Structures are given as structure tokens and as C-alpha cells.
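Okay, structure first, notes after.
Only the coordinates and a few stated rules stand behind these numbers; no lab work does. What you are looking at is a predicted structure, and each value in this text was computed from that prediction instead of being measured. Ideal geometry is used to build each Cβ from the backbone, glycine not excepted, and the neighbour counts take in all protein chains shown.
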Amino acid sequence: MQNAHLRMGILEYDRHTEKKIATRIRMRITQYVGESENAHLISIFGNDSDVGAITAAVYEQARFKVTFPTGNRRDVTLGEGATCYRGGLSIPGRKHAVRHMIAVSEELRGLKSLSRTFALRPKPQEIWTNLVHWHGLPALPEWAEVMIRALEEHNRISPLDGIGCFPVMITASAEEPFEWLEAGVRGGELPFPEKNGPIRWPRTSLCEVLRPQTDEIEQAA
């Protein structure tokens, strides 16, 4: 975890008061998911007042400036319907807890479009699990590789801007995966289980999803 700050992004927000006094708030971003100027997830940490100001700005649909670890910069907004989750992080040796906030867009929460699904990394099993659970598809975990190929052939998996993760967006209506499932079953690529029983899907925690990205970056450095 050495030099972890070099892998983080920077969030900047210019706050204006009624007296037209501008204050620039600058915070570290641990995770970010975005699509051009549309931010879908922003994870930041800092002191009480700064986190409070950014939280209020998210609900006001304010625009922020994001600086990526590469040095690239972009103006973004979480748009209407975004929500924030706040908590505290106790650090040994510090008297006060560090405040943590995650802002999530309405679309990432699944309240805006049923045809767009998100994953924090391009792992076939995780993309397929998200798609199945989101659309309620009658499917098996073992079908992931075949179905991901179908999505790739139809150009339905798109990389997104990310910090601390490698997010992708899956674009597919509920009807399209059914058509691809039907074709796979008929062609013999998607076999049914030999006996009846519950289908057990792999469980992956958020820590597991994010931790490998850090390891890969450290090895590449």
C-alpha cells in the first residue's frame, strides 16, 4: 500500500456563498466510476466540513472537477436523483475519525434504465452474475463464458472511466439475453444441469472486487 495516494484521484469543488466568496474544496478519490461528464460513483474521504459540503453539493446537482491519477481532468456531475452514504473511519493514532462518503448516481442504483448494467471490473463471471440478477434470467453460473462472448460480439460491453477499479457498462434489454440464451441452448453450448436442485451463484464481496486492482497496479509499477 506504499504511495497509495498516487493511485487516487482528486475531487475539486468551488463553493460560492451569498457574499460571492469562493472556497475551493479539494479531496482524495479512492474509487470513481464515470461515463464522460456523467459520474456514477464517487468515493471520497476527509474532514467533517469538507465531506458535508460535498454531500450537499451532490444533492444540489453541482459540477465537480475530477483529476485522474494519469493527470487527465474532467468536469462531472452525478445528476438528478443521486444519493450519498456517509460513515467514519477510525485510524490508530488519530484523535478524530476520518469521514468517508460514497455518492451514487440514480442510474447506477438501477432507478433510471433497465437496459444498462454496471460492473466494477471486466470479469466474465461477475458481469454475467450482475446481468442475470438484474434481469431475473433463468440461467446458470457456468454459462458465463458463452454469454459474455455473445455480449462482446454484439458490442454490448463498454469500458468506463475508473479510479481504483476497471468498470464496464453492459447494454442489453431484458429480451435480448433471452434470445441469446435460446440460441445457446439449441446449439448445445449451454447445457442444462444433470439433476434438479438449487443453483448456487458465487458470492464476491466489495473488498474482493477492489483489492485485486490494487495488487495489479502495484505489480505493474
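Values computed for the structure shown
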item: Charge context of L114, other residues only, Cβ under 15 angstrom, K/R +1, D/E -1; result: 0
item: Taking all pairs of distinct alpha-carbon atoms in the range 4-104, Kirkwood radius in angstrom; result: 14.0 Å
item: Charge context of R15, other residues only, Cβ under 11 angstrom, K/R +1, D/E -1; result: -3
item: Virtual spin-label span in nm between V98 and R86, 7 Å along Cα→Cβ; result: 1.8 nm
item: Highest-MSF residue in the chain out of V76, V185, V66 [GNM, Cα springs under 10 Å]; result: V185
item: For T171, T70, T117, T55, order by how many other beta-carbon atoms lie within 10 Å, fewest first; result: T70, T171, T55, T117
item: For the chain, fraction of C-alpha pairs farther apart than 33 Å, in %; result: 27 percent
item: Full-stretch length increase - R7, E208 - with 0.36 nm per residue and alpha-carbon distance subtracted; result: 70.6 nm
item: Cβ-derived FRET efficiency at R0 35 Å, T70 paired with L137, nearest 0.05; result: 0.45
item: Selected from C207, C84, C165 as most flexible by GNM, with the chain as the system and alpha-carbon contacts under 10 Å; result: C207
item: Relative contact order computed over the chain (Cα-Cα under 8 Å; 6+ residues apart), in percent; result: 17 percent
item: Whole-number percent relative contact order across the range 116-220, with pairs defined as alpha carbons under 8 Å at least 6 apart; result: 31 percent
item: For G87, net neighbour charge (Lys/Arg +1, Asp/Glu -1) across residues whose Cβ lies under 14 Å away; result: +1
item: Separation between Cα centres of the range 138-195 and the range 30-55, rounded to whole Å; result: 31 Å
item: Separation of the E179 and K112 label points, Cα + 7 Å toward Cβ, nm; result: 2.6 nm
item: Neighbour-count order for R26, R94, R99, fewest beta carbons within 10 angstrom listed first; result: R94, R26, R99
item: For the chain, calculated [θ]222 nm from helices alone, where every DSSP H run of n ≥ 4 adds -39500 (n - 2.57); result: -9000 deg cm²/dmol
item: FRET efficiency, 1/(1 + (r/R0)^6) with R0 22 Å, evaluated for T17 and N47 via beta carbons; result: 0.70
item: Selection of GluC sites (Glu not before Pro), the range 129-209, meeting DSSP coil and at most 11 other Cβ within 10 Å; result: E194
item: Sorted by Cβ neighbour density within 10 Å, fewest at the top, the residues Y13, Y85, Y32, Y59; result: Y85, Y59, Y13, Y32
